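See structure below.
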Amino acid sequence: DFFGVLRACAVAPFVVLDGGRGAEDRKLPTLRGRAAEQLRAAYGLSRGAGGCLVPLLTREAFVQALGRLGVPFVQCFAEADREIAGLANRWGCPVLSLDSDFCVFDLAGGYCPLSHFQWQSVRRAAGCPQGCYVPARCFSAERFCGHFGRLSKALLPLFAVMNGNDYIGLEALEAFFSKVRLPRGCAAGKGGKHLRLQGLLNWLAQFAEPAEAVDSVLKYLKKHQREEIRELLCTSMEDYAPSDVNLEDFFQNGSYECEAARKADVPQWVLDALAKGKLAPFVINALILRSTFLRVQVENMQRSSAHSTALPIRQVIYGLLLRVSHSTEDASPSKQTNELPTVCEFDRSQKTLKKTFVQAASLPPDFCDDRFPLDTLMEVPVSCREMLLLETLGVKMSFLEPIPSHLQLPIAVTCYWIRFSEPKVKLNQLKALLLTIVSGELQRITDNPDPAVPLAEDDSVAYDKFLKWKEKKLQNNDFDLDAAHSFCQWQCCLQMGLYLNQLLGTPLSEPDLSSRLYTGTLVHRLYQELKSAPSVENLFILSPKMAQLYLVLLNTVES
């Protein structure tokens, strides 16, 4: 709907996504804090409290939806802010986001906060060439600086850094704030924080440029701290300088060149795949930092993390990314012990965030050949890459052959989930999951029918019956935490199955996450219903095609 509105108003969106954490990993303390906050929110939700937590595969579904809608997008090597600013200034267009850092960048076209972008209230206008527009607000750094006398825009990055951002805490500058006499702020009725912000802006207005202001700040600090704080302030201010990565080049020619990635020795094919959204930031973090965050879901906090079920898949991913070449004649004896590399995972243990070091898997001989380091992984025959994927999931291709190609990966993952889940998956949980997948298929062929295959009337009737059932049943809010935990485990397995499939160059078709492959509320309701009314298994009986698909999926997994 959102991108449809933009199109109707003749607005051309270009989406720029964050990538990995960057080789310097400067945001690690901030990310740990956020992960701990998400863990608290998940725990509250698991106990029936309010709150909001984004589902595990939201990002993957979003990237797929952009592809399906033909919206041009790029995924950066690391944080995207500076690259967004560079592209916006090159094109003279505004940035649409929900990140106050864009108030600090010097943007030619300004910054439109999403919170004031009223895309659901499109207005008609006769004088407008396309006949309609989105009411919005645009922030201008120039006008903002005008409120503080002679304040130069060049001082806004120093203002942002001194107030603390994702990279720098305030502790270092407390001595400055406790000694300096800031001009009085003028925010009537606002508390100390707003007065301090306004006072700092008025104080900065006396300086012509940042270096002069930094010198003045340092005078308030102890001598032995000054050089360290100067370096910290100057490095942090660079985060607000537009990047020299040329995203225009990517959107015109598909090539993404990045100095930081070159310095980190990232193979070009990996960087290209990352830029096109064909590899996840998880992969780049494991490759260059040997460190990953596993996002928490609404699960049973008394049990092991839902991610522990997918550990063997992650170990194969780490094995592929961190393979050490075996031609080590000149290596030291310690290197020749062939110790497997380890990756630091941040995951929950009960209700706290904990880091664990996980060993990469040892790979089959085909992948240990010196001819195939990561740079040349795509030169390994596709049959070998498919075999590694299926062996990791514990499934033979002959079992998957009766299944539509776009469902083969989710079904292989489902077989893996049943084998590795602890506690064991219940039959009704499996049936609920497969019925959800079938409902997604029915919706897909109803909403986007294949022009070559007319929609059968019984499919249409079955879909109407399903919608009526859903409307009635989804009003029931009963929640079974153990069932939710089991479905969380399935999502973790699917996420890592997707990532491994992508890293191997998609030997299996990628499932369409953005068209109802999985809907948490629905799978939960189906599970509850199956316990009390087993006849729900015949929900799609009016459509012979869907009833048959359900049986094929069930028989495949059970066999």
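Tabulated results
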read-out	value
Matching entry among ILE411, ILE403, ILE418, ILE445 (being hydrophobic (A, V, I, L, M, F, W, C), touching a residue at least 12 places away in the same chain (Cβ under 8 Å) and assigned to a loop (DSSP other than H, G, I, E, B))	ILE403
Residues (surrounded by fewer than 19 Cβ atoms within 10 Å (Cβ to Cβ) and not hydroxyl-bearing (Ser, Thr, Tyr)) located in the stretch 279-302	LEU289, ARG290, ASN300, GLN302
For GLU510: the one exception among (1) at pLDDT 95 or above; (2) open to solvent by 10 Å² or more (accessible area, probe 1.4 Å); (3) under 31 Å from the mean Cα position of the chain (by Cα); (4) within 17 Å of SER439 (Cβ to Cβ)	(4)
Selection count where residues are under 30 Å from GLN302 (Cα atoms) and either open to solvent by less than 40 Å² (accessible area, probe 1.4 Å) or assigned to a helix (DSSP H, G or I) (or both), scope the stretch 455-494	16
Subset of the stretch 520-553 [out of contact with any Asp or Glu (no Cβ under 6 Å at 6 or more places or on another chain) and among the small types (Gly, Ala, Ser)]	GLY520, SER532, ALA533, SER535, ALA547
Conditions (1) assigned to a loop (DSSP other than H, G, I, E, B); (2) out of contact with any strand residue (DSSP E or B) (no Cβ under 9 Å at 6 or more places or on another chain); (3) under 15 Å from PHE293 (Cβ atoms); number of the one not met by GLY33	(1)
Complete set of residues in the stretch 130-144 that are open to solvent by 80 Å² or more (accessible area, probe 1.4 Å) and within 12 Å of VAL11 (Cα to Cα)	TYR133
All positions within the stretch 39-77 that are open to solvent by less than 20 Å² (accessible area, probe 1.4 Å) and in contact with a Pro (Cβ under 9 Å, 6 or more places away or on another chain)	LEU66, VAL71, GLN75
Any chance LEU407 is open to solvent by less than 40 Å² (accessible area, probe 1.4 Å) and either over 13 Å from GLU558 (Cα atoms) or touching an Asp or Glu at 6+ places or on another chain (Cβ under 9 Å) (or both)	yes
Counted residues, the stretch 87-109 - those being under 20 Å from GLY254 (Cα atoms) and open to solvent by less than 20 Å² (accessible area, probe 1.4 Å)	2
Number of the condition not met by GLY394 [criteria: (1) on the phi < 0 side of the Ramachandran plot; (2) open to solvent by 20 Å² or more (accessible area, probe 1.4 Å); (3) of a type outside the set (Phe, Trp, Tyr)]	(1)
Evaluation of PRO242 against (1) under 21 Å from ASP101 (Cβ atoms); (2) without any contact (Cβ under 8 Å) to a residue 60 or more places away in the chain (one fails), failing number	(2)
Set THR556, THR521: member being open to solvent by 20 Å² or more (accessible area, probe 1.4 Å), among the β-branched types (Val, Ile, Thr) and under 34 Å from the mean Cα position of the chain (by Cα)	THR521
Leading residue by the ranking (surrounded by the most Cβ atoms within 10 Å (Cβ to Cβ)) among those in the stretch 230-250 that are within 17 Å of ASN89 (Cβ to Cβ) and acidic (Asp, Glu)	ASP239
Among the candidates ALA65, ALA88, ALA49, residue that is under 30 Å from PHE487 (Cα atoms) and assigned to a helix (DSSP H, G or I)	ALA65
Considering residues of the stretch 251-267 that are out of contact with any Lys or Arg (no Cβ under 9 Å at 6 or more places or on another chain) and surrounded by 13 or more Cβ atoms within 10 Å (Cβ to Cβ) only, the residue nearest to TRP91 (Cα to Cα)	PHE251
Counted residues, the stretch 97-116 - those being part of a strand (DSSP E or B) and either touching a helix residue (DSSP H, G or I) at 6+ places or on another chain (Cβ under 6 Å) or among the aromatic types (Phe, Trp, Tyr) (or both)	1
Residue that is farther than 30 Å from SER486 by Cβ and of a type in the set (A, V, I, L, M, F, W, C), where the choices are ALA260, ALA286, ALA306	ALA260
Residue within the stretch 1-24 that is closer than 30 Å to ARG303 by Cβ and either outside the structural domain of ALA306 (by the TED database) or open to solvent by 30 Å² or more (accessible area, probe 1.4 Å) (or both) present	yes
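The values are calculated or read from the model by the stated rules, or taken from the named source; none is laboratory data. None of these values were measured; they are calculated from a predicted model. Glycine also receives a Cβ, built like all others from the backbone with ideal geometry; neighbour counts cover every protein chain displayed. SASA here: full protein model, heavy atoms, side chains in, ligands and nucleic acids out. Shrake-Rupley method; radii C 1.70, N 1.55, O 1.52, S 1.80 Å.
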